[in-house]
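Nothing in this text is a laboratory measurement; each read-out follows from the coordinates by a stated rule. Just so it is clear, the model here is predicted, and its values are computed rather than measured. A quick note on method: Cβ atoms are made from the backbone with ideal geometry, for glycine too, and the neighbour counts reach across all protein chains shown.
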Amino acid sequence: MSIAEEIGSWSVVFAIVGSALRVSTPYLFVSLGETLTEKSGRINLGLEGTLMMGAMSGYAVSFSTGSPWLGVLGAGLTGAAFGLLHAGLCSLPRVNDIAVGIALFIFGTGLAAYLGKPLIHPVAPRLPDIDLGFWSSVPSLHAALQVNALLIIGILIAPAMLWILNNTRWGLKLRTVGDSADAARALGYSINGVRATATAIGGFFAGVGGAFLSLYYPGAWTEGLSSGQGLMAVTLVIFARWNPINCVFAALLFGGASALGPALQAIGIASNYYLYGAAPYVLTLVLLIRTSSTKHRLFGAPSELSINK
Amino acid sequence: VIGAAISRGPEAAVLTAGAVLFALLAFGIFVALTGVDPLAVYRVLYLGAFGSRFSIETTLTLAAPIMLTALCVAIPARAGLLIIGGEGALVLGGLASVLAGVALAGAPASLATPLILIAGAAGGAIWIAIPAALRQFRGVNETISTLLFNYIAIALLNHLVSGPIRDYAQPLKPTSWSIPPAFMIGTIPGLSVHWGLVYGVAACLVAFVVLRQTTFGFALSILGGNLRAAQMAGLPVAALVLTAAALGGAAAGLAGAVEVVAVHGAASISLVVGYGYAGILVAFVARQNPLAVVGAALLVGGISASGGLLQRRFGMPDAASTVLEGCIFLAVLASNSLYGRLPFLQPRSAETK
């Protein structure tokens, strides 16, 4: 095989890798955010709405200020506000966190579409590429390694979050609240306060994930921007077993799986396109079935989580 | 957990009505902030939902499938399950009904159409019984698994209609084979609303009677209230959980079958328009009461129906109705915290804090 042919067959792989890296960034941010929220003992199933609000507000801020990074900040703050709304409602007695999540999913996607109506045509400044492939003379590899700074930031946040959870006073407090509300109460911690903080930070991350969608890839605001990345957050976290480092791998796997179908179609293998797309969901289901038991809680899950009860 | 949402009597009605009014008020403030007269919006909401014969028919048509998908939440909720898989069960029901319809080609319609509807209900029942069995025997959380099942169902639909059961004569979008036109059901005489509405209302009434008046319904509510008590009383817990889930799935599957035999005549991605998620909203607004589901579905159907008129009159985005529905959902959930706090609704002997 000549070198040119060899590069030709590799270019499919490069295309999948490049696409996986692009697609996985929002998965990474929503899963990191959800991990933190769930570590405090709450589930936020409404991150899809938060993601859409982040995408819309990030695009709006980038358009009106000319700075995509201010857009990312605006998206994060909008997400945090949605997180606080979730936390506030869940702190009321007899209010179920999963139901609030579904309600915020409907409310957030609706509100984003409503407020984002005037943003469909304007073109906002996008986030820049980082050229990690500068050393390569192979164009397809070079293109695959054009990554976004948010991906790098997300990958750096993952170990930092793990360290904070395991080695700081605040991390211990968060884990205590998530594993035993009674113990936390005995220690005098404010359970609702800790959970509100964790949910707000989780919302911030989901908002940033949304800004990636509108400001980088696909890189424009539309109502149908998200393909359910926010709804998948809960699944990703189960897959990552509530470990931020694993969130990176889970996000890459989910991103890779959703990139596999289009890449295979591009080289003429069109059959079973949609079944490949469903692979992450089936894998998560298999993982859930293997690790669940009627006798003990889900392995690795915080004990206070409502899905354990 | 969901037990808190299940309640009876005037307290639930007052709290829900109050929550809906609060949501309407919040929505009015929201549109006022965007520069639209809220009173005019309320008027158009009413006109678009119930103001004319045409708008009433649109409301009823939209409410019909939502009643059925809401039962997919409300019936299992009695047994303490939080199922959010209505969207997937509707898709499976639609697929099953298409396969049945194609297989029955040549049979008399009076025989085929009921069988198609039964096939749809069976498809949905099996689809939701699987997550219930996984919960009962493996401890897999049913909310998460039914969420995953929605994605798997949609992928299965996309896969089947773009290859194995695709009708290549339909050029616009991937669509399955069509059922014979003779098997399609028409509209209710005197109304341009298809028979799905009758099935929806009937299913809600039957569910209400079964849950309230039968030993099965009583056993379910014991199970939903206290698993330990149900086990101690020797109730067949596994059978009850599976039956409740299957009945809910059957309702959503029937919704999919009705979409096929009354609207599309075939399966395609047009089945996935969010009826499953609207059903979750309706079930919570109805506080998991099947009779109240009818009213809540009319409310949500009416809000959706008036979306077009809001758009034409005020140039509002069509997402306006989704925003209002989201407000109502949030307000109803928040109102759960007021149970037992409204002194005028408490029995005399109860202490009020």
For each of A:D97, B:D37, count neighbouring Cβ atoms within 10 Å of the residue's Cβ, then give the residues from fewest to most.
-> B:D37, A:D97
Counting pairs of alpha carbon atoms under 8 Å apart in space and at least six apart in sequence, what relative contact order in percent does chain B give?
-> 34
Whole-Å distance linking the alpha carbon centroid of segment A:34-60 with that of segment A:239-263 is 18
To the nearest 500 deg cm²/dmol, what mean residue ellipticity at 222 nm is calculated for the protein assembly as shown from DSSP H runs of n ≥ 4 alone, each contributing -39,500 (n - 2.57), summed and divided by the residues?
-> -23000 deg cm²/dmol
Rounded Å value of the spacing that divides the Cα centres of segment B:2-71 and segment B:126-205 | 26
Karplus-derived HN-Hα couplings along segment B:70-75 (A = 6.51, B = -1.76, C = 1.60, θ = phi - 60°), whole Hz, x at Gly and Pro = 5, 5, 5, 9, 6, 5
Calculated P(r) tail over 19 Å for segment A:98-198, as whole % of Cα pairs | 71
What helices in chain A pass both tests, a Cα length along the helix axis of 24 Å or more and a mean Kyte hydropathy of 1.6 or higher, using whole DSSP H runs?
-> A:97-115, A:149-167
A:D131/B:L291 FRET efficiency (R0 45 Å; Cβ-Cβ; nearest 0.05) | 0.10
Springs between alpha-carbon atoms under 10 Å, Gaussian network over chain B: tell me which of B:A245, B:A257, B:A292 tops the mean-square fluctuations.
-> B:A292
Simple spin-label estimate for B:K173/A:S190, 7 Å along Cα→Cβ, in nm, reads 4.9
Counting only DSSP loop positions in segment A:256-304, the trypsin sites (Lys or Arg not before Pro) whose Cβ has at most 11 other Cβ atoms within 10 Å are A:K295
Each label point is 7 Å from the Cα along the Cα-to-Cβ direction; what then is the distance between the points at A:R290 and A:Q265, in nm?
-> 3.0
Label segment A:1-123 by shape, choosing from rounded, prolate and oblate, from the square roots a ≥ b ≥ c of the eigenvalues of the Cα gyration tensor; if a/c is under 1.5 it is rounded, and otherwise prolate applies when a/b is larger than b/c, oblate when it is not.
-> oblate
Using the C-alpha gyration tensor of the protein assembly as shown, what are the square roots of 5 times its eigenvalues, in whole angstrom, with the largest one first?
-> 37, 32, 27
Please report A:W221, A:W135 as a ranked list, fewest other C-beta atoms within 10 angstrom at the top and most at the bottom.
-> A:W135, A:W221
Neighbour-count order for A:M161, B:M67, A:M232, B:M232, fewest beta carbons within 10 angstrom listed first = B:M232, A:M161, A:M232, B:M67
Taking the convex hull of Cα positions in segment B:147-241, its mean projected area over all directions (nm²) | 10.6
Using a/c under 1.5 as the rounded threshold, could you call segment A:164-309 rounded, prolate or oblate? The axes a ≥ b ≥ c are square roots of the C-alpha gyration tensor eigenvalues, and prolate needs a/b larger than b/c, oblate otherwise.
-> oblate
Amide N of segment A:98-124 lying under 15 Å from the label point, which is placed 7 angstrom from the Cα of A:L92 along Cα→Cβ | A:98-104
Output ordering of B:125-135, B:178-188, B:82-92, A:179-189 (per-residue mean of other Cβ within 10 Å, highest first) is B:82-92, B:125-135, B:178-188, A:179-189
